[in-house]
Amino acid sequence: MAPMPDRTRPSPISALLLWTGIALCVVGLAVHRLWEELPFPRAFEHGLLALLALAAAWPLQRWLQWSRAASLGVVWLLALAVFSGPMPLLATALLMATAIALGSLLLRGAIALPIGLAMIAGTLGWLLSLPIHHRTVHVIACITVVAWRRRAILETARATWQQFDAGVRASPGAATGAILLLGLASTAAWLPTMQSDDVAYHLGLPAQLQATARYAMDAHLQVWALAPWNGDVLQGVVQVLAGGEARGALNALWLLIAAGAMHALAGALGGDATRRWWAVALMASLPLTMHLAAGMQTELVAMAWLPALAWLVLRNADASSPRTLLAGALLFGALCGLKPMHGVVALPLLAWAAWRHRARLPWRVLPVGALLAAIVGGSSYVHAWALTGNPLLPLFNGFFRSPFFAPRDFSDPRWNGGVDADVLWDITFDTGRYFEAYPGGFGFVLVAMLGAWLLALHDRRTRGLALVAGIGLLLTLLPLQYARYLQPTLVLLLPALVVAWPRVRHGAIAFWGVCVLNLAFASNANWMLRTGALKRDIANPTRDETLFLRYAPERLLASRLPHDDALVLVLPGNYGALAELGQRGRNVSWYSPQWEAEFARVDADPSGKAWAALLQRKRLGHVILDTRKTSAALRAGLAIANARMADQAGDSQRWSLPVEATP
């Protein structure tokens with residue numbers, strides 16, 4: 001039975017705290033003159049997209065008598081199929097069905113989906129080096145599992161739809177707002193992969209699985225090759241199934257899981273139907289939600305798995321059963337297999353679970369759960385330790401001293417300013433100091449909802465989650481003050497904030513005002529979105545060339561490489577490396593310390609002879625360079641090696657060497 005809504009009259013102190021947070025946010029906007037940073041064209045575009053989505057949903061409401069929220073959901077899904085492609089959408093649907101089939105072996109209901117995805121990622125992580133990742137193999141495996149568990153899948157789909165429909169009927173206005181904001185966040189998933197870390201690193205694993213049916217794990221060419229990979233493994237699965245890049249469709253699935261977790265968490269805390277949709281809307285409105293949907297960073301996946309783990313802790317029915325404990329172990333292991341930090345911030349959740357269910361813990365199952373978590377999250381660490389001597393390469397290499405990286409601890413001094421009293425204020429209004437973004441690009445929840453946070457800590461229903469999320473935020477901030485890393489624990493906090501939000505006069509207006517403010521600054525979290533990438537994508541829905549030419553010309557050149565298997569050297573430009581080239585690619589950035597040292601050596605010879613000797617000795621067939629950053633030494637070396645300019649995209653060029661210089 002759903003908990004009864006709390007209709008008690010709020011105290012004057014509650015109202016004061018609520019409006020104090022809102023007032024502080026207004027003061028911050030004024031003091032930092034953030035209206036000067038507002039991306040006006042982009043904000044208007046989001047409003048126009050919202051109106052177009054509502055207009056497109058109207059016929060479904062009128063003729064099929066669907067709810068507005070359900071109609072909007074269908075419209076956003078169709079738009080995703082147009083802009084991300086039908087095959088990626090089908091591949092993601094097949095992966096989703098397979099995950100539900102496997103996850104429902106432990107727990108029934110919507111929670112089976114994130115559990116099943118954790119199972120798949122944790123299993124395939126141990127099999128990456130085997131040449132078994134053919135499209136046919138994956139398709140047959142998925143269809144077999146789906147056929148075997150078809151009843152459980154249909155049961156889960158039916159129950160999830162019924163819950164969604166009941167939630168919409170209970171609060172249609174809030175549901176419409178939430179689905180509208182969730183769809184707007186998903187528009188970033190329409191873009192092809194162009195963010196720096198994705199192009200230089202994350203694309204490597206999916207691209208190699210598609211091209212060679214195995215992952216080479218070569219830390220010589222990419223120092224992050226053995227970093228925790230659970231998120232990239234699932235990207236690899238959908239890319240193999242789709243026969244091409246499928247990042248956008250899978251990211252939309254992660255957004256959907258995160259939204260479901262928000263709705264369920266708010267309900268578990270005692271929130272009524274409206275507050276549950278508020279949690280979804282607030283999560284969707286965060287600028288970093290849109291930013292993460294445009295890329296392959298682990299924080300988007302953690303936004304789904306971390307709240308799902310919290311829901312397991314909060315649920316009362318069978319909360320201490322062995323199956324629930326094993327499901328929690330799977331999710332915790334999956335988080336560890338995303339990034340060590342995600343495992344660290346989940347530790348307070350585990351401590352809370354142990355305390356909350358201390359009287360009924362199935363102690364005999366704990367060793368099995370620990371083993372399961374190690375299996376699901378440990379594959380990258382074991383491979384890295386065995387192949388390089390550092391399970392966290394390149395992190396903590398001052399201790400492990402792997403020969404694949406300098407014997408020092410990897411760190412980025414840009415984000416090591418330390419934690420001070422106003423760090424949350426600065427992250428909100430001076431975001432560029434804590435993330436590659438513009439002011440306001442983190443959103444305004446930490447300041448605007450400060451009063452609600454204090455109320456959540458006071459409310460018995462929400463105190464546990466608010467405290468755990470607060471500790472998670474602190475654990476994230478202490479080692480590195482990088483705003484993007486805060487996103488999963490901030491999302492974890494949101495259900496507590498909306499449930500504790502007092503029922504004051506105009507309180508709903510204030511809440512939706514925060515959501516609209518977040519959305520207005522959403523493009524400030526990503527320079528490509530701020531400069532009109534989404535508009536360009538809408539203008540060319542079936543072609544990525546226009547976007548690549550503007551934002552990722554090296555990817556355009558890579559897509560037009562001849563099929564000669566010749567090695568490709570990527571020189572610093574928009575990107576330090578092209579991970580999609582796999583074993584064929586070489587780069588001279590810090591991603592490959594040996595090649596970086598070679599680059600420094602040959603570029604110091606102004607005659608170009610050292611460059612020519614390197615190109616011929618390493619049997620390089622192509623060189624991708626940026627004309628704005630090309631040295632005279634390199635140009636001389638290319639001339640000596642008889643290279644010719646074979647392709648160009650913007651400021652990027654591909655030079656090809658004579659056939660006799662290649663293998």
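The values are calculated or read from the model by the stated rules, or taken from the named source; none is laboratory data. Not measured: the values here are computed from a predicted model. Cβ sites come from the backbone with ideal geometry, for glycine too, and all protein chains shown count toward neighbours. Heavy atoms of the whole protein, side chains included, go into the accessibility calculation; ligands, DNA and RNA do not. Shrake-Rupley method; radii C 1.70, N 1.55, O 1.52, S 1.80 Å.
Please list, in chain and number order, the residues 5+ apart from HIS357 or on another chain whose amide H is under 5 Å from its amide H, with Hs placed from the backbone.
Those qualifying (amide H under 5 Å, at least 5 residues apart or on another chain) number zero.
When Lys and Arg each count +1 and Asp and Glu each count -1, what net charge do the other residues less than 10 Å away from SER523, Cβ to Cβ, add up to? Show your work: numbers first, answer last.
Details: positive: ARG42, ARG530; negative: GLU45.
Net local charge, SER523 excluded: +1.
Using the alpha-carbon centroid of each, what span in Å lies between segment 590-623 and segment 47-93?
Here the two parts' Cα centres lie 51 Å apart.
Tell me, what % of the accessible area of the chain is carbon and sulfur with a 1.4 angstrom probe?
On the way: 17270 of 26850 Å².
Carbon and sulfur together cover 64 percent of it.
Rounded to the nearest 500 deg cm²/dmol, what is the calculated helix-only ellipticity per residue at 222 nm for the chain, with -39500 (n - 2.57) per DSSP H run of length n ≥ 4?
My calculation for the chain gives -19000 deg cm²/dmol from helical runs alone.
Please list, short to long, the whole-number percent of alpha-carbon pairs of segment 567-609 in consecutive 10 angstrom bins beginning at zero.
Histogram of Cα-Cα distances, whole percents per bin: 29, 53, 17, 1.
Using only Cα atoms, what is the ratio of the radius of gyration of segment 31-145 to 2.2 N^0.38 Å?
On the way: Rg = 20.4 Å, N = 115, 2.2 N^0.38 = 13.4 Å.
In units of the globular-protein estimate, segment 31-145 measures up at 1.53.
Can you give me the solvent accessible area of TYR215 with a 1.4 Å probe, rounded to the nearest 10 Å²?
10
Peptides 95-101, 601-607: what's the order by average Cβ count within 10 Å, highest mean first? Spell out each step's value before the answer.
Details: 95-101: 24.9, 601-607: 14.4.
Most protected by this proxy first, the peptides run 95-101, 601-607.
Suppose R0 equals 22 Å. What FRET efficiency, 1/(1 + (r/R0)^6) with r the Cβ-Cβ distance, do ARG150 and ALA81 give to the nearest 0.05?
Using R0 = 22 Å, I get an efficiency of 0.40.
Using the per-residue mean of other Cβ atoms lying within 10 Å as a proxy for protection, in what order, highest first, do the peptides 418-429, 279-290, 565-576 fall?
Numbers: 418-429: 15.6, 279-290: 28.7, 565-576: 20.3.
Top to bottom by mean Cβ count within 10 Å: 279-290, 565-576, 418-429.
Can you order the peptides 154-161, 142-149, 591-598 by their average number of other Cβ atoms within 10 Å per residue, highest first? The partial results should precede the final answer.
Working: 154-161: 14.2, 142-149: 15.8, 591-598: 17.9.
Ranked from most to least packed, the peptides come out as 591-598, 142-149, 154-161.
Send over the per residue convex hull volume for the chain, Cα only, as a whole number of Å³. Don't skip to the end; give the middle numbers.
Details: hull volume 103.9 nm³, N = 663.
Output value, Cα hull per residue: 157 Å³.
Taking every alpha carbon pair in segment 154-250, what does the distance histogram look like in 10 angstrom bins from 0, in percent?
Over segment 154-250, the share of Cα pairs per 10 Å bin runs 14, 32, 25, 20, 9, 1 percent.
Between ARG560 and ARG536, how many nm apart are label points set 7 Å from Cα along the C-beta direction?
About 1.5 nm separates the two model spin labels.
So for the pair TRP363, THR212, with labels modelled 7 Å out along Cα→Cβ, what separation do we get in nm?
In this crude label model, TRP363 to THR212 measures out at 5.0 nm.
If the cut-off is a Cα-Cα distance under 25 Å, which lysines reach LYS618, setting aside same-chain residues fewer than 8 apart in sequence?
Hits, sequence-local ones excluded: LYS609, LYS629.
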